[in-house]
Amino acid sequence: MSQATPAPEQPPAGSTAPARRDDGLESRAQGALREMLTSSWLVTVAALVLALVISGVLIAAADSAVQDAAGYFFARPADFFSAAWNAVWGAYVALFQGAVFDPGAATFARAIRPLTETMTWSVPLILAGLGLGIGFRAGMFNIGAQGQIILGAIFAGYIGFAWDLPPVLHLLLAVIGGVIGGGLWAGIAGYLKARTGANEVIVTIMLNNIAIYLVGYLLTTSAFKRGDSNNPVSPPVAGNALYPQLLGSQFRLHLGFVVAILAAVFVWWLMNRSTLGFAFRAVGSNPNAARTAGINVNRMYLLVMLVAGGLAGMAGTAQVLGTEKVLTAGIAASFGFDAITVALLGRSKPLGTFFAGLLFGALRAGGFAMQSRTGTPIDIVLVVQSLVVLFIAAPPLVRAVFRLPSPRGPGAQPAELAAPVVKEAAA
Amino acid sequence: MKKIIRAAALSGAVALALAACGSAPEESDDTAGGGEAGSDFKACMVSDSGGFEDKSFNQSGAEGLDRAAEELGIEEVKVESTAETDFTPNIDSLVQQDCNLIIGVGFLLEDPIQAAAEANPDVEFALIDSAFTDENFEPVTLDNAKPLLFNTQEAAYLAGYVAAGTSTTGTVATFGGIQLPSVSIFMDGFVDGVAKYNEDNGADVQVLGWDKEAQTGSFTGDFENQTNGQNLATGFIDQGADVIMPVAGPVGLGAAAAAQEAGDVSIVGVDADWFETSPDYSSIILTSVMKEIGQAVYDTVKEASAGSFSSEPYVGTLENEGIGIAPFHDFDSVVTDEVKTAVEDLKAQIVSGDLVVESISQN
């Protein structure tokens, strides 16, 4: 991965040479990205199944009853298998009951509450995932959704608790503030890439750190603190600025879910029906060709980041104006990073991202029940998510495990495996 | 290479197989016996984002609950949070599981615990390190939620006095992990204790790392990275500090490493008696500011399981030994008798109420 080696394809650069400084590194990253985005739906499902199976093994291994039974495996192997089965089955049943439907609940509302929790958790994941997906399709690895969510939450939260405005207008302004906050933060990375060719991966990662410390600092200032309290928690957001509850006060589900659906439709329209979206995709498939075709590539870099950041900022508003109702240092949890997985799993398409967001929301929501009912460590949920990414990133591996045909027909497997090697050699 | 891998795999398999040769336990039907004989009381606990293995207050709380479960024969459920966003779902999931008592560890859970207590009047709650406030940030009491608070500054005050009394360089230091009330309360007391020593003895011992008036000072930024603690402590040692109190959970161990490397620098531990909990550094632990969270949790669970839960705040003080300073152990001969007598006097004054140690972070 040395930048000194000349890039394999090197057509004469346009007038804006700085943006192309690290083409060798970047074209390879984009190749990997394209590979992930073009794998079939079957591979996605298979990756999920594989991830659940391997996590099942880990759940069993972490279970104390299984460990005990393994100690006398040869004396009574049945114990071992039944303990392992109980651990895995119990954990996954709890996961389902915590994420979809809980038949043991006292009331009907309680029984369907898990599903609404899944929807609540999915809102920031879908919104931020949509933004990242646009970036991926435009060939930009934006790792900065975490920081953009935080900035969106800071802006929206401040407008929400510090200003006093009539209903509707207050919410609207707070949401717009959040979108601007996220957009500006991402815009920094887009501007630097367009003007100086700074790698957006590195810039966005660094901006994440700045955002995390920025929110921590702001919560110690009197503008964001609650009265005399030293706790790093903002005052609660005013009622007028909150997303209305969709199903009444016993559910946390709020209007943000509808906003996420509308945002998905908007992104579909933007990417598939608008000129701007066409330009984004053109830049993503081949920036040089796009430039030759008269597209201002640098301007597109900036615009892509502004739109992506705006969507991530909107995810921040869903957190601060909907789910949490206060600004805390952990308002973004790990949504910004999970959203990368969501976007990859959804192959950067709006519909795919929507369902991937729901799935990850379900994993989050179900994780709580899994932990409290079966004592399964919450980290297992993270492992499932990580394994999904791992397998999505390695389609040939998944195809080999499930003996799926390669997309290029039989016999293409070796060529596909050899392709990266050829690229290495060329580089 | 392949051979090595094969050999390793084979020996691993053999080890596993041997380990699996234990004899099966007798079938028994005592599922209803044993620990569950006590009661069907269910005590539950939610950690803050540090998790239960933070070598700090989450861990102390969990140990208290474990002890209660074992000694009182009650059922326990502990759930960890990975971020602030996890608190509400975690508490809700415990309510759904019919927990009788739900304990939140850390002031960050104030809002979620309060909301849950209001929504579930038949479940009892407890919250470590914070009281409850209404929408105007005025203190409020709830019938079914008990704050567990600690006047940590009183013990830190004594530790500050001892630190100033043993310092030969005339400079001591303290730093925190993140600037939170439960952290700066230690630092406030420490600074005041040093000032008291200066006043009583006409000395001029300086404190690095915390300005009580301005409420600003040195923080490493998290409760995980020991290297930061080591670097910060090294900086203090370079400036002449020879007693350091790190209020940063495991990050403090980094400071202990720096102190050990430097030689004649000692450490004031926090939360537990570090002489016992960190044997690697026992020879440099001057004393520790102890905060008996585990005991408070145990007592709360015991009361609640006996049906005598009260929402009256528990306040750990020097008087009820909810806080205290640890014995000097190896430093017993180093701390002068004058200092020891003075500390006993101050302790008596604080217990009697003649001396009030104040901290803005006190609830």
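The values are calculated or read from the model by the stated rules, or taken from the named source; none is laboratory data. All values reported here derive from a predicted model rather than from experimental measurement. Methodologically, a virtual Cβ is constructed for each residue, glycine included, from the backbone with ideal geometry; neighbour enumeration extends over all protein chains shown.
Just a few scattered comments:
- Residue match in segment B:170-181 (condition: surrounded by fewer than 23 Cβ atoms within 10 Å (Cβ to Cβ) and of a type in the set (A, V, I, L, M, F, W, C)): yes
- Lone unmet requirement of (1) more than 11 Å from chain B (Cβ to nearest Cβ); (2) not in a helix (DSSP H, G or I) for A:Ser82: (2)
- Qualifying residue in segment A:99-114 (condition: within 14 Å of another protein chain (Cβ to nearest Cβ), more than 26 Å from A:Leu219 (Cα to Cα) and among the β-branched types (Val, Ile, Thr)): yes
- Test: residue in segment A:361-373 that is free of Cβ contacts under 8 Å to residues at least 24 places away in the same chain, part of a loop (DSSP other than H, G, I, E, B) and either within 18 Å of the chain's Cα centre (by Cα) or crowded, with 24+ Cβ neighbours inside 10 Å (or both): no
- Boolean, B:Ser60 is buried (at least 20 other Cβ atoms within 10 Å of the Cβ) and within 13 Å of chain A (Cβ to nearest Cβ): no
- Output for segment B:156-188, where each listed residue is aliphatic (A, V, I, L, M) and under 20 Å from B:Val334 (Cα atoms): B:Ala156, B:Leu158, B:Ala159, B:Val162, B:Ala163, B:Ala164, B:Val172, B:Ala173
- Members of segment A:283-335 found to be out of contact with any strand residue (DSSP E or B) (no Cβ under 9 Å at 6 or more places or on another chain), polar (S, T, N, Q) and not in a loop (DSSP other than H, G, I, E, B), listed by number: A:Ser285, A:Asn288, A:Thr292, A:Asn298, A:Thr317, A:Gln319
- Positions within segment B:227-281 being in a helix (DSSP H, G or I), crowded, with 24+ Cβ neighbours inside 10 Å and within 14 Å of the chain's Cα centre (by Cα), in sequence order: B:Val251, B:Gly252, B:Trp274
- If you filter segment B:317-327 down to residues that are in contact (Cβ under 8 Å) with a residue 40 or more places away in the chain and part of a loop (DSSP other than H, G, I, E, B), you find that the one that is farthest from the chain's Cα centre (by Cα) is B:Pro327.
- Subset of segment A:236-284 (residues that are small (Gly, Ala, Ser) and out of contact with any helix residue (DSSP H, G or I) (no Cβ under 8 Å at 6 or more places or on another chain)): A:Gly239, A:Gly248, A:Ser249, A:Ser274
- Taking (1) surrounded by fewer than 20 Cβ atoms within 10 Å (Cβ to Cβ); (2) assigned to a helix (DSSP H, G or I) in turn, B:Gly294 satisfies each apart from (1).
- Just one of the listed residues (A:Ser234, A:Ser222, A:Ser229) is within 14 Å of chain B (Cβ to nearest Cβ), touching a residue at least 12 places away in the same chain (Cβ under 8 Å) and either more than 16 Å from A:Met314 (Cα to Cα) or out of contact with any Asp or Glu (no Cβ under 8 Å at 6 or more places or on another chain) (or both), and it is A:Ser234.
- The lone exception for B:Phe186 - which of (1) crowded, with 23+ Cβ neighbours inside 10 Å; (2) in a helix (DSSP H, G or I); (3) more than 14 Å from every other protein chain (Cβ to nearest Cβ) it fails: (3)
- B:Ser333 meets the conditions (1) buried (at least 17 other Cβ atoms within 10 Å of the Cβ); (2) closer than 30 Å to B:Asn198 by Cβ; (3) small (Gly, Ala, Ser) in every case but one. The failed one is (1).
- Subset of segment B:91-111 (residues that are in contact (Cβ under 8 Å) with a residue 40 or more places away in the chain and either within 19 Å of A:Glu324 (Cα to Cα) or hydroxyl-bearing (Ser, Thr, Tyr) (or both)): B:Ile91, B:Leu94, B:Gly104, B:Val105, B:Gly106, B:Phe107, B:Leu108, B:Leu109
- Extreme residue, farthest from B:Pro89 (Cα to Cα), among residues of segment B:42-64 that are in contact with a strand residue (DSSP E or B) (Cβ under 7 Å, 6 or more places away or on another chain) and assigned to a loop (DSSP other than H, G, I, E, B): B:Ser56
- Segments classed as helices (runs of 4 or more DSSP H), wholly inside segment B:85-179, with at least 1 members that are facing chain A (nearest Cβ under 9 Å) and within 23 Å of the chain's Cα centre (by Cα): B:87-96, B:110-119
- Given (1) farther than 23 Å from A:Leu173 by Cβ; (2) free of Cβ contacts under 8 Å to residues at least 40 places away in the same chain; (3) outside any loop (DSSP other than H, G, I, E, B), index of the condition A:Trp268 fails: (2)
- Condition check for A:Pro77: loosely packed, with under 14 Cβ neighbours inside 10 Å, more than 28 Å from the chain's Cα centre (by Cα) and modelled with pLDDT of 85 or more: no
- Scope segment B:297-316; condition part of a loop (DSSP other than H, G, I, E, B) and either buried (at least 18 other Cβ atoms within 10 Å of the Cβ) or assigned by TED's automatic domain parsing to the domain that holds B:Leu158 (or both); matching residues: B:Phe309
- Of all residues in segment A:98-131 being in a helix (DSSP H, G or I) and free of Cβ contacts under 8 Å to residues at least 40 places away in the same chain, the one that is surrounded by the fewest Cβ atoms within 10 Å (Cβ to Cβ): A:Phe108
- Qualifying residue in segment A:377-400 (condition: at the interface with another protein chain (Cβ under 10 Å from one of its Cβ atoms), touching a residue at least 24 places away in the same chain (Cβ under 8 Å) and of a type outside the set (Val, Ile, Thr)): yes
- Breaking point among (1) over 30 Å from A:Ala211 (Cα atoms); (2) more than 13 Å from chain B (Cβ to nearest Cβ); (3) not in a helix (DSSP H, G or I), for A:Ser55: (3)
- Segment A:197-214, subset in contact with a helix residue (DSSP H, G or I) (Cβ under 7 Å, 6 or more places away or on another chain), at negative phi and modelled with pLDDT under 95, residue surrounded by the most Cβ atoms within 10 Å (Cβ to Cβ): A:Glu200
- Selection count where residues are surrounded by fewer than 24 Cβ atoms within 10 Å (Cβ to Cβ) and within 11 Å of chain B (Cβ to nearest Cβ), scope segment A:304-324: 1
- Test: residue in segment A:242-251 that is out of contact with any strand residue (DSSP E or B) (no Cβ under 8 Å at 6 or more places or on another chain), in contact (Cβ under 8 Å) with a residue 12 or more places away in the chain and surrounded by fewer than 21 Cβ atoms within 10 Å (Cβ to Cβ): yes
- Top-ranked residue in segment B:208-226 [being polar (S, T, N, Q) and assigned to a loop (DSSP other than H, G, I, E, B); ranked as farthest from A:Tyr213 (Cα to Cα)]: B:Gln215
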